[in-house]
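Down below is the structure, laid out as structure tokens.
The values are calculated or read from the model by the stated rules, or taken from the named source; none is laboratory data. Not measured: the values here are computed from a predicted model. No Cβ is skipped: glycine too gets one built from the backbone with ideal geometry, and neighbour counts run over all protein chains shown. What goes into the accessible areas is simple: the full protein's heavy atoms, side chains included, and nothing from ligands, DNA or RNA. Shrake-Rupley method; radii C 1.70, N 1.55, O 1.52, S 1.80 Å.
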Amino acid sequence: MESMDGRPVVLRGGTVLPMDEGRQVLPRTDVLVAGDRIAAVGPDLQAPEDAVEIDASDGIVMPGMIDTHRHMWQTAMRGYGADWTLTQYFVWYYLEHGKLFRPEDVHAGNLLAALEAVDAGVTTVVDWSHGLQTVDHADAAVDALQSAPGRYVLAYGNIQQPPAAWTGTPEFRDFVRRRITGDDLLGFQLAFDVLGDPAFPERPAFEVARDLGAPVTTHAGVWGATGDDGIRLMHEHGFMTPETVYVHAASLSADSYHRIAATGGSISVSTESEQSAGQGYPPTWAIRAHGIPVSLSMDTSVWWSGDLFSAMRATLGADRSRQHLEAHARGDTVTHCSLRADQVVEWATRGGARALGRDDLGVIAAGKKADLVLIKNEASPVSFPLLNPYGHVAFQAQRGDVHTVLVNGRVVKHEHRLVGVDLAAARRAADRTIEYLRSTMGEEAWQKGMNPDIPETTILDNPYTYTDYHSASTHTAG
Ligand SMILES: [Zn+2]
């Protein structure tokens with residue numbers, strides 16, 4: 001295929017979800033991209049002669065999806081923790097083996113996570129990078145992000161030290177000066193948790209964030225780890241801002257939700273994570289009563305996919321499930337679902353953009369950044385009929401249906417293949433990390449980490465079990 005780089009692109013005749021306020025659906029509509037931006041949206045657009053023409057008919061064109069919380073550095077361990085709880089995760093990553101990660105292991109994870117994201121139509125990822133034990137690790141993380149297609153926000157963190165310690169070093173300041181240079185494809189946040197110590201030892205880290213103009217992202221409302229005390233301390237000390245992103249927020253009181261709503265922050269909901277790790281119930285059903293903006297996230301590929309189709313699906317399921325359960329507890333029946341498919345598509349796109357303060361992302365309109373996804377799969381019986389495009393995205397589509405992806409006006413995936421990506425090199429790097437960790441941990445620890453003990457299940461005594469089949473049947477026969 002001839003090079004598409006630098007040429008205008010026109011997506012022809014798709015069903016366009018512009019994610020505007022009215023949640024319109026635009027049938028048979030073209031999207032013209034010039035440079036890094038969307039030039040026009042409409043039917044039968046005139047395109048420059050050198051434009052790359054992409055047939056979007058029978059497909060859905062939507063903004064690139066945005067994940068506001070993913071620990072990309074962990075991705076070389078894909079699937080390893082499928083049966084973990086949060087406790088097992090903490091032991092593995094925070095107390096034991098996470099400390100073994102070298103800069104090249106962070107690089108391998110970040111690279112693989114980046115490719116995985118773009119392949120699934122996730123054009124922006126917040127790399128919640130709390131494995132940065134040294135600045136060399138941080139350099140490796142950024143090197144990987146900048147070598148891959150996609151838009152990223154490095155959320156700098158270091159779980160091995162208190163936030164006041166690592167944010168206070170000259171090396172950290174120097175790193176920010178060297179690497180965070182205003183590149184539109186690389187944003188910056190500080191990532192740390194507030195544990196609720198009344199002395200508020202996180203204060204200096206918040207001050208560094210304020211000084212750098214960097215938003216803070218924090219795991220808040222994680223059962224057994226962070227809760228209302230942390231939120232109250234942040235609020236009382238004046239560190240809750242509209243840019244603050246509260247991750248999970250799954251075990252907080254109404255008082256904390258009021259404080260988040262009043263200060264304009266947003267919540268990053270990782271439904272699949274909350275459901276199986278145990279941070280608390282995925283909170284969308286509760287926070288809609290507080291009017292808090294929501295974005296979606298996948299947390300880590302150690303358990304789950306890096307795929308926001310799963311996030312949308314799981315979030316609809318968890319929210320509706322809770323709505324039904326709450327009603328049943330009152331003896332009521334839910335006749336109308338409160339959470340709609342178009343709402344989760346909004347959270348996966350524009351919601352993420354809002355959380356990042358980017359009104360030029362997450363929407364399809366002239367002048368906005370050209371981060372776009374075409375969902376189209378002619379070989380799939382699931383691709384038609386296309387009656388309800390939002391419902392189709394949320395419940396029918398999956399990553400294999402991502403046909404074309406543009407980031408910043410550049411085609412980075414086309415006809416179901418990543419463009420200009422050396423997947424074999426990413427695989428080799430992940431293999432090297434696995435080999436190193438496995439040999440360092442030892443085979444027994446490796447196997448034990450992947451296969452946590454299963455609690456014993458007691459089978460209840462069943463009063464309806466026949467003890468004597470013959471007499472029971474005789475009895476029934478009268
Ligand atoms: Zn997390």
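Values for this structure:
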item: Antiparallel DSSP beta bridges within segment 117-271, as percent of all bridges there, nearest 5; result: 10
item: Virtual paramagnetic centre 7 Å along Cα→Cβ of GLU378, amide N under 15 Å, in segment 1-30; result: 12-14
item: Along each principal axis, Cα extent of segment 338-478, largest first, Å; result: 81, 52, 35
item: Percentage relative contact order, the chain, counting C-alpha pairs under 8 Å, at least six apart; result: 20
item: Cβ-placed point charges (K, R +1; D, E -1), dipole of the chain about Cα centre in debye, nearest 20; result: 540
item: Alpha-carbon spread of the chain, three principal axes, descending order, Å; result: 87, 63, 49
item: Among beta bridges that DSSP assigns inside segment 178-266, antiparallel share in %, nearest 5; result: 10
item: Gap separating the Cα centres of segment 387-417 and segment 194-213, nearest whole Å; result: 40
item: Total lysine pairs whose alpha carbons fall under 22 Å of each other in the chain (8 or more apart, or interchain); result: 4
item: Stretch in the chain that is longest and holds no chymotrypsin sites (Phe, Trp or Tyr not before Pro) that DSSP places in a loop and that have at most 16 other beta carbons within 10 Å; result: 224-463
item: Rounded accessible area per residue of the chain, 1.4 Å, Å²; result: 44
item: Enclosed volume per residue, in Å³, of the convex hull spanned by Cα atoms of segment 152-196; result: 74
item: Interchain or long-range residues, amide H under 5 Å from VAL16's placed H; result: LEU26, ARG28, THR29, VAL61
item: Where GluC sites (Glu not before Pro) in DSSP loops with at most 15 other Cβ within 10 Å are excluded, longest remaining stretch of the chain; result: 50-377
item: Principal axis dimensions, segment 103-198 - Cα atoms, whole angstrom, descending; result: 43, 28, 25
item: Net charge of Cβ neighbours under 10 Å - reference PHE309; Lys, Arg +1; Asp, Glu -1; result: 0
item: Helix-derived mean residue ellipticity, 222 nm - over the chain, DSSP H n ≥ 4, -39500 (n - 2.57), to 500; result: -9500 deg cm²/dmol
item: Rel. contact order, % - alpha carbon contacts under 8 angstrom, at least six apart, segment 237-379; result: 19
item: Relative contact order [Cα under 8 Å, 6+ residues apart], segment 95-147, whole percent; result: 56
item: Antiparallel content of DSSP bridges confined to the chain, in %, to 5; result: 45
item: Net charge of neighbours whose Cβ lies under 15 Å from the Cβ of VAL208, counting Lys and Arg as +1 and Asp and Glu as -1; result: -2
item: Carbon plus sulfur fraction of accessible area for the chain, probe 1.4 Å, in percent; result: 52
item: Using θ = phi - 60° and Karplus 6.51 cos²θ - 1.76 cosθ + 1.60, couplings along segment 45-57 (whole Hz; Gly, Pro as x); result: 6, 6, 10, x, 4, 8, 5, 7, 9, 10, 6, 9, 5
